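J.: Could you have a look at this structure, given as structure tokens, before my questions?
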Amino acid sequence: MFDCNQTGQHAVEQLQRGMPTANDGLPGACAWRTRRLAIVGCLATPIEKLARGGEEPVRYSHLITCPACTGSGPKAGTQPRPCPTCKGTGQKTTSRRDAGVLIQQSTLCPDCHGRGTFIDSPCPSCAGRGQVRHEESLIVNIPPGAEDGLALRSAGKGSASEMPGGAPGDLLIIIRGAPDARFERVGADLWRNQEIGVADAVLGTEISVPTLDAPVTVKVPPGT
Ligand SMILES: [Zn+2]
Ligand SMILES: [Zn+2]
């Protein structure tokens, strides 16, 4: 369902435009934001999963078209009535004459907010709004070698449009490496500082260092 059609750099540009910042959603929890119809969230991911890929469950809430009234708004068996101000067009047209030229301007009808209709008996499920909030659970497929900041987009999984027939927004999940006490992340690399005793540094030794796989033994040469 998810495809990686964006790079980490693209995600960073979106972060700078007011989307989640580096610390959002860390550690562990997801911080979800809505931006018009799009829903943006950070997913803190264990670094093993960033390296090898895997699945992470996410839960988020979005607005869906009300199933009871299929988004139309009135209670079953009732009909909306046309807005008297705009006569059902949803547009308010004003005209003025400027230097002998007739200028017509259309704006959204202020009384019905562009819907063109009024609902006298609203649908009880959505209170006439045509949308209800819905909790969604998804499994995110994290590709192997995922960069910290990778954005995964799922088209149409954001919120439903308020306009009948309008396209729903996208869900954008930004993959972030969860903090890990064993390593420090420097770009795509993992670093570990390990202290050794002065005598071991002078005489040389072997130390065990954790990695994403099994621990490895590293030789410390004499005189380090
Ligand atoms: Zn409804
Ligand atoms: Zn109107």
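The values are calculated or read from the model by the stated rules, or taken from the named source; none is laboratory data. No experiment lies behind these values; they were computed from the predicted model shown. Cβ: placed from backbone, ideal geometry, glycine included. Neighbour counts: every protein chain shown.
J.: For residues that are buried (at least 20 other Cβ atoms within 10 Å of the Cβ) and of a type in the set (D, E, K, R), scanning just region 154-185, find the one that is nearest to G114 (Cα to Cα).
T.: K157
J.: Of the numbered conditions (1) farther than 30 Å from T89 by Cβ; (2) within 16 Å of ligand 1 (Cβ to nearest atom), T117 fails exactly one; give the number of that condition.
T.: (1)
J.: Ok, one more. Testing D120 on (1) loosely packed, with under 13 Cβ neighbours inside 10 Å; (2) within 30 Å of L50 (Cα to Cα), one condition comes back false. Which one is that?
T.: (2)
J.: I've got another one for you. Criterion first (at pLDDT 75 or above, surrounded by 12 or more Cβ atoms within 10 Å (Cβ to Cβ), closer than 29 Å to P143 by Cα and out of contact with any His (no Cβ under 9 Å at 6 or more places or on another chain)) does P210 satisfy it?
T.: yes
J.: Which residues, counting only those in region 61-111, are of a type in the set (D, E, K, R) and outside any strand (DSSP E or B)? I'd like the intermediate steps shown before the answer.
T.: Step one: filter region 61-111 for residues of a type in the set (D, E, K, R), giving 75, 81, 87, 92, 96-98, 111.
Matches in region 61-111: K75, K87, D111.
J.: Inspect all residues belonging to region 56-71 and state whether any of them is more than 14 Å from ligand 1 (Cβ to nearest atom), within 30 Å of P210 (Cα to Cα) and β-branched (V, I, T).
T.: Of region 56-71, the ones more than 14 Å from ligand 1 (Cβ to nearest atom) are 56-62.
Checking which are within 30 Å of P210 (Cα to Cα) leaves us with 56-58.
Then drop every residue that is not β-branched (V, I, T), which leaves 58.
Scanning region 56-71, I find at least one residue that is more than 14 Å from ligand 1 (Cβ to nearest atom), within 30 Å of P210 (Cα to Cα) and β-branched (V, I, T), so the answer is yes.
J.: Anything in region 120-135 that is farther than 30 Å from V58 by Cβ, more than 11 Å from ligand 1 (Cβ to nearest atom) and in a strand (DSSP E or B)? List them, or say none. Can you show your working first?
T.: Just the residues of region 120-135 that are farther than 30 Å from V58 by Cβ, to begin with: 120-122, 124, 128.
Checking which are more than 11 Å from ligand 1 (Cβ to nearest atom) leaves us with 120-121.
Correct list: empty.
J.: Can you confirm whether I64 is in contact with a His (Cβ under 6 Å, 6 or more places away or on another chain) and either closer than 27 Å to P110 by Cα or crowded, with 17+ Cβ neighbours inside 10 Å (or both)?
T.: yes
J.: Okay, moving on. Is there any pair with a first residue in region 94-122 that is on the phi > 0 side of the Ramachandran plot and a second that is more than 13 Å from ligand 2 (Cβ to nearest atom) and not in a strand (DSSP E or B) whose Cβ atoms are under 9 Å apart and which are 6 or more apart or on different chains, and what are they?
T.: Pairs that qualify, where the first residue is on the phi > 0 side of the Ramachandran plot and the partner is more than 13 Å from ligand 2 (Cβ to nearest atom) and not in a strand (DSSP E or B), are G114/M163.
J.: Next question. Condition (residue is in contact with an Asp or Glu (Cβ under 6 Å, 6 or more places away or on another chain), at pLDDT below 90 and in a loop (DSSP other than H, G, I, E, B)) applied to region 36-51: is it met by at least one residue?
T.: Within region 36-51, not a single residue is in contact with an Asp or Glu (Cβ under 6 Å, 6 or more places away or on another chain), at pLDDT below 90 and in a loop (DSSP other than H, G, I, E, B).
J.: Could you please let me know if G54 is buried (at least 18 other Cβ atoms within 10 Å of the Cβ), in contact with a strand residue (DSSP E or B) (Cβ under 8 Å, 6 or more places away or on another chain) and either hydroxyl-bearing (S, T, Y) or at pLDDT 85 or above (or both)? I'd like the intermediate steps shown before the answer.
T.: Values: buried (at least 18 other Cβ atoms within 10 Å of the Cβ): no; in contact with a strand residue (DSSP E or B) (Cβ under 8 Å, 6 or more places away or on another chain): yes; either hydroxyl-bearing (S, T, Y) or at pLDDT 85 or above (or both): yes.
Criteria not met by G54.
J.: Of the residues P110, P124, which is at pLDDT 90 or above and within 16 Å of ligand 2 (Cβ to nearest atom)?
T.: Values: P124 fails: within 16 Å of ligand 2 (Cβ to nearest atom).
Going through P110, P124 in turn, the sole match is P110.
J.: Further question: So, in region 158-197, how many residues would count as being touching a Phe, Trp or Tyr at 6+ places or on another chain (Cβ under 9 Å) and assigned to a loop (DSSP other than H, G, I, E, B)?
T.: Here the count works out to 2.
J.: So, one more: Which members of region 198-224 meet the condition of being part of a strand (DSSP E or B) and without any contact (Cβ under 8 Å) to a residue 12 or more places away in the chain?
T.: Those that are part of a strand (DSSP E or B) and without any contact (Cβ under 8 Å) to a residue 12 or more places away in the chain: S208, V216, T217.
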